[in-house]
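Remarks on the structure that follows.
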Amino acid sequence: MGYGSAMICKANQRGYQPALPGIERKTLAYGDRTLMTEFRMRKGSALPRHSHSQEQTGYLISGCIRLTIGRRSIEARPGDSWSIPGGTKHGAAIVEDSVAIEVFSPAREDYLPRGRARKRND
């Protein structure tokens with residue numbers, strides 16, 4: 001991707017996109033090798049089991065989710081974190097309204113803001 005410069009993102013309420021029913025995501029800061037995303041998830045929604053090539057590291061800010069990574073399931077609460085190797089099946093059931101931050105490496109091209117896959121405005 002070769003962005004080559006620093007990025008600072010100030011907090012705002014714009015930029016959330018639907019990901020799945022009851023789940024929305026917002027790309028925050030990203031660089032050459034990582035991308036940070038905020039997920040807002042409604043109680044009762046689900047993230048079906050899936051996998052992708054990126055390593056994914058997450059942190060639960062608020063709420064409660066039932067997270068399954070491979071064959072292991074845990075109930076994640078605020079302050080809990082996880083790391084999912086690329087290619088590993090994972091999913092979640094949303095137990096309470098929740099907010100999580102996820103970092104993907106390498107950066108997910110499909111999560112980059114439109115028109116930013118090759119060039120970034122700072």
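The values are calculated or read from the model by the stated rules, or taken from the named source; none is laboratory data. Just so you know, these numbers come straight off a predicted model, no measurement behind them. Positions of Cβ are backbone-derived with ideal geometry, glycine not excepted, and every protein chain shown enters the neighbour counts.
Scan region 3-29 and report the pairs whose first residue is within 18 Å of Arg108 (Cα to Cα) and whose second residue is modelled with pLDDT under 90 and β-branched (Val, Ile, Thr), with Cβ atoms within less than 8 Å and a gap of 6+ or a chain change. Partner pairs satisfying both residue conditions: Ala29/Ile8.
Of all residues in region 73-100, those being farther than 20 Å from Arg33 by Cβ, free of Cβ contacts under 8 Å to residues at least 40 places away in the same chain and surrounded by fewer than 16 Cβ atoms within 10 Å (Cβ to Cβ) number 7. Within region 48-67, restricting attention to residues that are among the charged types (D, E, K, R) and farther than 28 Å from Asp32 by Cβ, the residue that is surrounded by the most Cβ atoms within 10 Å (Cβ to Cβ) is Arg66.
Taking the criterion of being more than 15 Å from Ala19 (Cα to Cα), part of a strand (DSSP E or B) and out of contact with any Asp or Glu (no Cβ under 8 Å at 6 or more places or on another chain), the residues of region 32-56 that qualify are Leu35, Glu55.
Counted as qualifying within region 57-110 are the strands (runs of 3 or more DSSP E) with 3 or more residues that are of a type outside the set (A, V, I, L, M, F, W, C) and over 15 Å from the mean Cα position of the chain (by Cα), namely 72-76.
Per this entry, Gly70 is counted among residues that are touching a Ser or Thr at 6+ places or on another chain (Cβ under 6 Å) and surrounded by fewer than 14 Cβ atoms within 10 Å (Cβ to Cβ).
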